[in-house]
Amino acid sequence: MTTPWNEPFERFAQVFAEAKARVPKDPNAMQLATVDERGRPSVRTVLLKDVDARGFVFYTNTHSRKGHEASTAKVAALNFYWPELEAQVRVEGALTPGAAAEADAYFATRPRLSQLGAWASLQSQPLDSRETLERRLAEFTAKYAGHPVPRPPHWSGYRLLPDHLEFWKAHPNRLHWREVYERAGEGWTKGLLYP
């Protein structure tokens, strides 16, 4: 069955609204899987910061491992799992860099120490001691004392535009509900999968 372009995003919005109402901490936590040049996968938990029919947005240091892999492989997968709902959503698709204006706007909403931390952390690089990180944080705290903290040029967002979404809901006897959307032109095909 072919469905309109926005249908899986509306479906996600419904599930995500329930998660925000029932999950006490970080209902927007998602596992982000990327691959390196050799096709070797890497997964970590990040926070979803925006979602609409243009895709799912997260932010990071673009010099980090995930930033490098996002920029080179240009594909990723996401997984949201909410035990309280006995539900998960899997998303796969292409990654594109987010708009600078959107990154600026979001960065401005972060707590000041998180803004300073984005400057102080050489994310994913080797660290010789915690004291080095604390020293770097002190340096940037002094540098921007009394001034707004600008967004670092190496800190930005990525948007995952899905071509595959799967909505999973637990059912008794492991006969789970699996509903899948696959991109087809300007719309989606929708179907079910065996559990």
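For residue 143, a cut-off of 15 angstrom between C-alpha atoms picks up these aspartates and glutamates, skipping any fewer than 8 places away in its own chain: 134. Neighbour counting of Cβ atoms within 10 Å sorts the residues 128, 52, fewest neighbours leading, into 128, 52. Of all aspartates and glutamates in the structure, the ones whose alpha carbon falls short of 18 Å from that of residue 25, not counting any fewer than 8 places away in one chain, are 50, 84, 86. Each Lys and Arg Cβ is given +1 and each Asp and Glu Cβ -1; about its Cα centre, the stretch 1-105 then shows a dipole of about 320 debye.
Annotation: Cα Rg of the stretch 1-65 relative to the compact-globule expectation 2.2 N^0.38 Å equals 1.36.
With semi-axes defined as the square roots of five times the eigenvalues of the C-alpha gyration tensor, the equivalent ellipsoid of the stretch 1-142 measures 30, 19, 15 Å, largest first. Between helix 130-143 and the chain, what is the angle of the helix's C-alpha long axis to the longest principal axis, kept within 0 to 90° and rounded to the nearest 10? With rounding to tens, the tilt is 70 degrees. Counting Lys and Arg as +1 and Asp and Glu as -1 over every other residue whose Cβ lies under 10 Å from the Cβ of residue 123, the net charge comes to +2. Under a cut-off of 19 Å between alpha-carbon atoms, report the aspartates and glutamates in cross-link reach of residue 49, not counting same-chain residues fewer than 8 places apart. Within the straight-line limit of under 19 Å, residue 49 reaches these aspartates and glutamates: 10, 18, 26, 92, 102, 104. Loop sites by DSSP among the trypsin sites (Lys or Arg not before Pro) of the chain, restricted to those with at most 10 other Cβ atoms within 10 angstrom, leave 39-195 as the longest stretch without any of them. Normalising the average separation of contacting C-alpha pairs (under 8 angstrom, six or more residues apart) by the number of residues puts the relative contact order of the stretch 1-139 at 19 percent. In the elastic network of the chain, a GNM with C-alpha springs shorter than 10 Å, the most mobile of 142, 76, 87 is 142.
Calculate, in nm to one decimal, what residue 173 and residue 7 gain on full extension: separation in residues at 0.36 nm each, minus their alpha carbon distance.
Numbers: separation 166, 0.36 × 166 = 59.76 nm, distance 2.92 nm.
Difference between extended and current length: 56.8 nm.
Computed from Cα positions, the angle between helix 100-109 and the longest principal axis of the chain comes to roughly 70 degrees. Charged neighbours of residue 181, selected by a Cβ distance under 12 Å, balance to -2 (K, R count +1; D, E count -1). Per-residue 3J(HN,Hα) values for the stretch 18-23, derived from phi via the Karplus relation 6.51 cos²θ - 1.76 cosθ + 1.60 with θ = phi - 60°, read 5, 4, 5, 7, 10, 8 Hz in sequence order (x marks Gly and Pro).
In the neighborhood of residue 107, defined by Cβ-to-Cβ distances under 15 Å, what is the net charge if each Lys or Arg adds +1 and each Asp or Glu adds -1? Around residue 107, the surrounding residues sum to +1.
Each reported figure results from applying straightforward, stated rules to the coordinates on display, with no laboratory input. No experiment lies behind these values; they were computed from the predicted model shown. Heads up, the Cβs are rebuilt from the backbone with ideal geometry, glycines too, and the neighbour counts pull from every protein chain shown.
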